[in-house]
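Engineer: Let me give you the structure first, and then I'll get to my questions.
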Amino acid sequence: MPWRHNLFLTLLALFLGSGCSAKPPEKILFIGNSYTGGIRKMVTELIKQSPHSETQVSFINPGGKTLEFHLNNKRTIEEIKHGQYDLIVLQDQSQFPALFPDRFEKAALALDEIIDESGSKLIFYETWGRRDGDRKNQKLFPTYDSMQKALSKNYHSIAQKCGADFAPVGSTWKIVREKNPKLGNELYRSDGSHPSQKGAYLAACVFYITLFDEDPRKLKFNGELSTAEANLIKAAAFSTRKN
């Protein structure tokens, strides 16, 4: 009958329309430590300079803290439960996922459950290996590559177990180090651990494509990097995320 045909077409149009117009996030919360604090200004500025300038971005990033700390921190849990965030980004202490994968996983799974109950979606922030390896744990991670391999493996694993999204900052960092060793070294501050302005820009580009599913190569904002450096980082972020 004609009315049935018209009803089918109407329902089909509604279904297709809802699937093709994913709404960009309006509220985002980053939970971590100094590796989150170190990119805070750059992420905020890049988003302000993008078509998503109205997005609200909040941070909880006391230095040196783990996901175990945040799981037992009243402020963090209250913010997750009542902040009405679209997306929540989790980052553990820089060594912890490599050194203590079981404890990392346990805390992450517990936080994932709380985040699911809040109605927010979870993204894991994959961090990077230290420039010259972990000097405090040289037998385990004597080089950057050995530390990066462990971090990437364990962040990938927990994202899969939680059914969560994944911001491949560490993996993009690795690509830039390989393509341009000089720039790769300059991603770090002098301590060989925390992100410099260039490292923060790399993280911001990775988060832009992860949070909004938009190509960072189209951004005009270069974070005071040279055009060549910014273009290399944007291309690496796009390639890593898409692959």
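Engineer: Of the peptides 215-227, 98-110, how do they stack up when ordered by the mean number of other Cβ atoms within 10 Å, highest first?
Structural biologist: The peptides rank, most packed first, as 98-110, 215-227.
Engineer: Between Glu214 and Glu113, take the C-beta separation as r, use R0 = 35 Å, and let me know the FRET efficiency to the nearest 0.05.
Structural biologist: 0.70
Engineer: While we're on this one: Hey, what D do you get for segment 55-141 in µm²/s if you plug the Kirkwood alpha-carbon radius into Stokes-Einstein at 25 °C and 0.890 mPa s?
Structural biologist: 175
Engineer: Which shape class, rounded, prolate or oblate, goes with segment 136-243 when its Cα gyration tensor gives a ≥ b ≥ c as root eigenvalues, a/c under 1.5 marks rounded, and past that a/b bigger than b/c marks prolate?
Structural biologist: oblate
Engineer: Tell me the angle of helix 101-118 to the major Cα principal axis of the chain, expressed in degrees between 0 and 90 and rounded to the nearest ten.
Structural biologist: So the helix axis and the longest Cα principal axis differ by about 30 degrees.
Engineer: Another question, if that's okay. Taking a cut-off of 18 Å between Cα atoms, list the aspartates and glutamates near Lys136, but don't count ones fewer than 8 places away on the same chain.
Structural biologist: Asp92, Asp145, Asp191
Engineer: Hey, can you rank 41-53, 123-135 by average C-beta count inside 10 Å, highest first?
Structural biologist: Ranked from most to least packed, the peptides come out as 123-135, 41-53.
Engineer: Let me ask another. Got a number for carbon plus sulfur as a percent of segment 94-237's accessible area, 1.4 Å probe?
Structural biologist: Ligands and nucleic acids excluded, carbon and sulfur reach 48 percent.
Engineer: From the P(r) of segment 49-196, could you give the percentage of C-alpha pairs in the tail past 26 Å?
Structural biologist: 29
Engineer: Over segment 145-243, how many pairs of lysines fall under 16 Å by alpha carbon, counting only those 8 or more apart in sequence or from different chains?
Structural biologist: For segment 145-243, the number of qualifying lysine pairs is 16.
Engineer: Less than 21 Å apart at the alpha-carbon level, and either on another chain or at least 8 residues along: which lysines does that give for Lys81?
Structural biologist: Lys27, Lys65, Lys106, Lys121
Engineer: Antiparallel versus total DSSP beta bridges in the chain: what percent is that, nearest 5?
Structural biologist: In the chain, approximately 5 percent of DSSP beta bridges are antiparallel ones.
Engineer: For segment 106-228, what does the accessible surface come to per residue with a 1.4 Å probe? Please give it in Å².
Structural biologist: 47
Engineer: Show me 87-93, 188-194, 172-178 ranked by packing, highest mean number of other Cβ atoms within 10 Å first.
Structural biologist: Output ranking for 87-93, 188-194, 172-178: 87-93, 172-178, 188-194.
Engineer: I'd like the FRET efficiency for Gln160 and Glu78, computed as 1/(1 + (r/R0)^6) with the beta carbon distance as r and R0 of 35 Å, rounded to 0.05.
Structural biologist: 0.80
The values are calculated or read from the model by the stated rules, or taken from the named source; none is laboratory data. Since the structure is predicted, the reported quantities are computational estimates derived from the model, not experimental observations. Note that we place each Cβ from the backbone using ideal geometry, even for glycine, and neighbour counts take in every protein chain shown. Please note that ligands, DNA and RNA were not included when accessible areas were found on the heavy atoms of the full protein model with its side chains. Shrake-Rupley method; radii C 1.70, N 1.55, O 1.52, S 1.80 Å.
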